[in-house]
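Before any comments, here is the structure.
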Amino acid sequence: MSKIYDVIVLGAGPAGLTAGLYAGRARLSTLIIEKGQDGGQIAITNEIENYPGQMVEGESGPSLIARMTEQAKKFGAERCSDVIKSVELQGDVKKLVGAKGEYLAKTVILATGAFPKPIGCKNEGKFVGKGISFCATCDASFFEDFEVYVVGGGDSAVEEAMYLSKFARKVTIIHRRNELRAAKSIQEKAFANPKLFFMWDTVVDEVCGDELMDSMIVKNVKTGELTKIEADPDDGIFGLFGFIGYNPNSALFEGQVELDRGYIVTDADMHTNIPGVFAAGDIRVKSLRQVVTAAADGAIAAMQCEKYIAETK
């Protein structure tokens, strides 16, 4: 018979790893299941400046996550790499069914995070990986000395545009409004960057090309005017990076856990509508999605698992 864990944590981003750390330290038998690399969105973040206690001289997402992973391991959290296909969250014992096997637990912490929203232009799917990217850290080097466009106007879009400017010869931010939504301190850095340019009141309508994306059509949202932008003939391609927010990775839980626009509804102690099931991090309804709030969620969720198990013995 399969082992019944005290806690299964689904997802190994900052929320999931912190939950694993706290649950393991509380001497709860803990399993962290992750389908990809640890870290979630932070794993593709080049620079972190606002996480309390980080290395002040410089901290990247991967470096911070590596330490979180080691901490969870130190306190006994077991690890498993698997893709969960279905979940049964009702009842005293929860069951997660993966491609490699079934996993049972008294409590479950859902920390599956979110994934980038598509740009929303015609032919987008055809050119993902062939000009379109959603990860500056992953793909910036491919566009060294090329022209690059960034869609979005929030903190992440502007920060990633500045990172891309270290590689590309020119970076243009395409934003549907006439001003950025990023924090003022970030905007100041952006406007002072000589390689950053701005295309206001504009959206990408269509991307074009044969094997690689070599042109796009942008639309002015106020006038409706369409403009075609083509790659430099010597380049044959340009980069288009999308940073317009995220969609919650919650399809697996539909029909079981209460959702609000795809995000899991919890109380302040991370309880979902199902006893023994908790949610933490970007997957849940919250006002601020940052590493520090994800870590806090994970800690609270783990302690609530301990309390739940003690009360149901």
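The values are calculated or read from the model by the stated rules, or taken from the named source; none is laboratory data. Predicted, not measured: the structure shown is a model, and the values here were computed from it. A quick note on method: Cβ atoms are made from the backbone with ideal geometry, for glycine too, and the neighbour counts reach across all protein chains shown. Note: areas computed on protein heavy atoms with side chains; ligands, DNA, RNA excluded. Shrake-Rupley method; radii C 1.70, N 1.55, O 1.52, S 1.80 Å.
Just one of (1) surrounded by 17 or more Cβ atoms within 10 Å (Cβ to Cβ); (2) within 22 Å of residue 296 (Cβ to Cβ) fails for residue 73. It is (1).
In region 167-182, the residues that are free of Cβ contacts under 8 Å to residues at least 40 places away in the same chain reach residues that are basic (Lys, Arg) and part of a loop (DSSP other than H, G, I, E, B) with C-beta atoms within less than 7 angstrom, at least six apart or across chains, in these pairs: 170/195; 171/195.
Inside region 268-280, residues that are farther than 20 Å from residue 92 by Cα and in contact (Cβ under 8 Å) with a residue 60 or more places away in the chain make up a count of 1. Residues in region 1-38 that are of a type in the set (Val, Ile, Thr) and out of contact with any strand residue (DSSP E or B) (no Cβ under 7 Å at 6 or more places or on another chain): 18 only.
Could you grab me the full set of residues in region 8-34 that are farther than 17 Å from residue 281 by Cα and either outside any helix (DSSP H, G or I) or without any contact (Cβ under 8 Å) to a residue 40 or more places away in the chain (or both)?
Of everything in region 8-34, those that are farther than 17 Å from residue 281 by Cα and either outside any helix (DSSP H, G or I) or without any contact (Cβ under 8 Å) to a residue 40 or more places away in the chain (or both) turn out to be 26, 27, 28, 29, 30, 31.
From the list 131, 125, 120, the lone residue that is open to solvent by less than 40 Å² (accessible area, probe 1.4 Å) and of a type in the set (Gly, Ala, Ser) is 131.
Restricting the search to region 72-109, which residues are assigned to a strand (DSSP E or B) and aliphatic (A, V, I, L, M)?
If the condition is that a residue be assigned to a strand (DSSP E or B) and aliphatic (A, V, I, L, M), then 84, 87, 96, 97, 104, 105, 108, 109 are the ones that fit.
If I filter region 235-267 down to residues being free of Cβ contacts under 8 Å to residues at least 40 places away in the same chain and not in a loop (DSSP other than H, G, I, E, B), which single residue comes out as nearest to residue 84 (Cα to Cα)? Only one residue tops the list, namely 251. Just to be sure before I move on: is residue 214 modelled with pLDDT of 95 or more, open to solvent by less than 40 Å² (accessible area, probe 1.4 Å) and more than 19 Å from residue 134 (Cβ to Cβ) in the structure I sent? Judged against the criteria, residue 214 is not a match.
How many residues does region 106-125 hold that are in contact (Cβ under 8 Å) with a residue 12 or more places away in the chain and either more than 26 Å from residue 291 (Cα to Cα) or of a type in the set (Lys, Arg) (or both)? If you could, list the steps in order and put the result at the bottom.
Initially, region 106-125 is screened for residues in contact (Cβ under 8 Å) with a residue 12 or more places away in the chain, giving 106-124.
If we keep only those that are either more than 26 Å from residue 291 (Cα to Cα) or of a type in the set (Lys, Arg) (or both) too, we end up with 106, 117, 120-124.
Total meeting the criteria: 7.
Looking across region 281-313, the residues that are touching a residue at least 24 places away in the same chain (Cβ under 8 Å), open to solvent by 50 Å² or more (accessible area, probe 1.4 Å) and in a helix (DSSP H, G or I) come down to 292, 300, 303, 306.
Within region 275-298, identify whether any single residue is over 21 Å from the mean Cα position of the chain (by Cα) and either small (Gly, Ala, Ser) or under 22 Å from residue 83 (Cα atoms) (or both), and answer yes or no. Explain how you work it out, then say what you get.
Residues of region 275-298 that are over 21 Å from the mean Cα position of the chain (by Cα), as a first pass: 275-277.
This time we only want the ones that are either small (Gly, Ala, Ser) or under 22 Å from residue 83 (Cα atoms) (or both), so: 276-277.
Yes, region 275-298 has at least one match.
If you check residue 227 against the conditions, is it assigned to a loop (DSSP other than H, G, I, E, B), farther than 25 Å from residue 45 by Cβ and free of Cβ contacts under 8 Å to residues at least 60 places away in the same chain? Judged against the criteria, residue 227 is not a match. Only one entry in 69, 112 is modelled with pLDDT of 95 or more, out of contact with any Cys (no Cβ under 6 Å at 6 or more places or on another chain) and part of a loop (DSSP other than H, G, I, E, B), namely 112.
Where strands (runs of 3 or more DSSP E) fall wholly inside region 144-209, the ranges with 3 or more residues that are open to solvent by 10 Å² or more (accessible area, probe 1.4 Å) are 147-151, 196-199, 202-209. When residue 250 is tested against (1) within 30 Å of residue 121 (Cα to Cα); (2) among the small types (Gly, Ala, Ser); (3) open to solvent by 50 Å² or more (accessible area, probe 1.4 Å), just one condition goes unmet, and that condition is (3). Within region 14-38, the only residue that satisfies the criterion of being modelled with pLDDT under 95 and either over 12 Å from residue 82 (Cα atoms) or touching a Leu at 6+ places or on another chain (Cβ under 8 Å) (or both) is 38.
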